[in-house]
1. Can you pull out the residues in segment 223-274 that are under 17 Å from residue 184 (Cα atoms) and among the β-branched types (Val, Ile, Thr)?
2. Of all residues in segment 82-105, how many are out of contact with any helix residue (DSSP H, G or I) (no Cβ under 8 Å at 6 or more places or on another chain), within 25 Å of residue 33 (Cβ to Cβ) and not in a loop (DSSP other than H, G, I, E, B)?
3. Being more than 14 Å from the ligand (Cβ to nearest atom) and over 30 Å from residue 279 (Cα atoms): is that true of residue 146 here?
4. With respect to residue 277, is the statement that it is in a loop (DSSP other than H, G, I, E, B), of a type outside the set (Asp, Glu) and under 30 Å from residue 186 (Cα atoms) true?
5. Scan segment 280-299 for residues that are assigned to a loop (DSSP other than H, G, I, E, B) and touching a residue at least 40 places away in the same chain (Cβ under 8 Å) and report the count.
6. Pull out all pairs, ordered by first then second residue, where Cβ-Cβ is under 7 Å, the residues are six or more apart or on different chains, the first lies in segment 418-436 and is polar (S, T, N, Q), and the second is assigned to a strand (DSSP E or B).
7. Return the residues of segment 177-207 that are modelled with pLDDT of 85 or more and in a loop (DSSP other than H, G, I, E, B); say none if nothing qualifies.
8. Of the residues that make up segment 371-385, is at least one in contact (Cβ under 8 Å) with a residue 60 or more places away in the chain, within 13 Å of residue 95 (Cα to Cα) and part of a strand (DSSP E or B)?
Amino acid sequence: MSSIQEEIKKRRTFGIISHPDAGKTTLTEKLLLYGGAIQEAGAVKSNKVKKGATSDFMEIERQRGISVATSVMGFEYRSKKINILDTPGHQDFAEDTYRTLTAVDSVIVVIDVAKGVEAQTEKLVEVCRMRDTPIIVFINKLDREGKDAYDLLDEIEQKLGLTVCPLSWPIGMGQDFKGIYNLWEQNLQLYTEQKKQKIAQSIKIEGLDDPAIDQYIGQEYATELREDFELVDGVYPEFNRESYLKGQLSPVFFGSALNNFGVQELLNCFVEIAPEPLPKAAEQRLVKPAETVFSGFVFKIHANMDPKHRDRLAFLKIVSGKFERNTAYRHTRINKDLRFSNPTAFMASKKSVVDEAFPGDIVGLHDTGNFRIGDTLTSGEQLEFKGIPSFSPEHFRFINNADPMKAKQLNKGIDQLMDEGVAQLFTLENNGRKIIGTVGALQYEVIQYRLEHEYGAKCTYENYQAYKACWVESNNEEQLAEFRRLKSRYLARDKFDRLVFLADSSFSLNMAREKFDQLKFHLKSEF
Ligand code: G4P
């Protein structure tokens, strides 16, 4: 049996992020095909909530089912064990994606060549940059007309704040797309058509002066490629793995996921450069993967699809040591030992019971209501992993009980849905009223539907005027007391009993910032 160190060295756990429709699902599928994890295209279902599905709850339920199946997709490639963590595409579920990003060791960002950097990509990359997550960029849909490569790289640098270094370069585009020059492996990928099928042909070359380039793509394109490269050489830094691993340099690849073009080149580079499981900070200390004692944290909770059994699946990322089935582990928040008889591992979209798992792996644990997002499990040490922040919601509404006989059920339902991270709960300090904050309006309908179907409780909503939720940090008791006195109507507690200021407008937030200069108002719960 191999040692924990060897297992760690094999693991690559990452996420693919993009704006909806850039090609995340298609790319995931092609990667799984290379890993032999699936045999045919179309096997990975998109987890998108289709447009117009807002009131179609069957659709939402169906999507929930799919998203369990595709939460983690594992496969092997060149003797590496790769785990892709799925991130929801729909922006209303962005909070889910932020949390999943705490469990990845690196990311691939997919950008549509025609659309360039889009809003959702900006937000997600910002979250990655907060943690210095290593980022590889894949520019997709080169078979279509799109933006000029230089303009795109500029846009990526400016909008995403990344320093880029192209490791491949497109030759032509759209109708005239000839292929890709791959710097990483020093070859030419030709994009050709055979029997109406687009296929890739790989030609080994000896650098840019190789006359084979002229032979395959013609002199005109060859000259253009050489000229492009002189510029690339002058403008962009050389690839340096250390900088990439620190999140300071992002290699860029070009291709077309749909046509399976440039995908294997991306994967070949990824397995060589992407980081193995990284150490993670706990409140108490930094925990290293190679430590022999086990530790891990819950980054996602999924309610079971069967409403009659209210058990849930908690997704645990293993940080250190070896996880073993039927072994007692300490749930450090509630100080209770738990044992798992059926931990689940994920290979492609299949689940299976596992006896052991290693750092970088994700296991699914059946849970009857013990877990909350961010919880830590260890061999006994009292650790709490840091770093699952909540962000200020965009929408706020009071939640009211619509059936007085079912108050208990409603409270339990709200509690558990918040544990799952469906939305955030704020309780007003002055009157105890409950406010639900969400990223998108869709969640209110999901919550109402699930409260009724899973908990037998009914709720109504009422508008609550708030601009942002700000977590308050104070180094000055006097100012804090004054702030509390003046703003008592706007103060609430989050689920962890932290003080939150529900600013009703950007003006009032700015005023508070000016007047109470010894207090800090954070738009996320981690600071
Ligand atoms: P997402 O998960 O990021 O939301 O994107 P997804 O992979 O579902 O791709 C969005 C659309 O873009 C799909 O078309 C897909 O076929 C197309 N696509 C992906 N990669 C490429 C590419 O390299 N070139 C071209 N031309 N198109 C690409 P759709 O019509 O919306 O869906 P479908 O009916 O084809 O599934």
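The values are calculated or read from the model by the stated rules, or taken from the named source; none is laboratory data. This is a predicted model, so every value here is computed, not measured. Quick reminder, even Gly has a Cβ in these numbers, built from the backbone with ideal geometry, and neighbours come from all protein chains shown.
1. Result: 232, 252, 263, 271, 273.
2. Of the residues in that region, 3 qualify.
3. Details: more than 14 Å from the ligand (Cβ to nearest atom): no; over 30 Å from residue 279 (Cα atoms): yes.
Here the answer is no, as residue 146 does not meet what is asked.
4. Details: in a loop (DSSP other than H, G, I, E, B): yes; of a type outside the set (Asp, Glu): yes; under 30 Å from residue 186 (Cα atoms): yes.
Yes, satisfied.
5. The first filter runs over segment 280-299 and keeps only residues assigned to a loop (DSSP other than H, G, I, E, B), leaving 283-285, 288-294.
Keeping just the survivors that are touching a residue at least 40 places away in the same chain (Cβ under 8 Å) gives 283-285, 289-290, 292-294.
Residues in segment 280-299 being assigned to a loop (DSSP other than H, G, I, E, B) and touching a residue at least 40 places away in the same chain (Cβ under 8 Å): 8 in total.
6. 424/437; 427/434; 427/492; 427/493
7. 177, 178, 183, 184, 185
8. no
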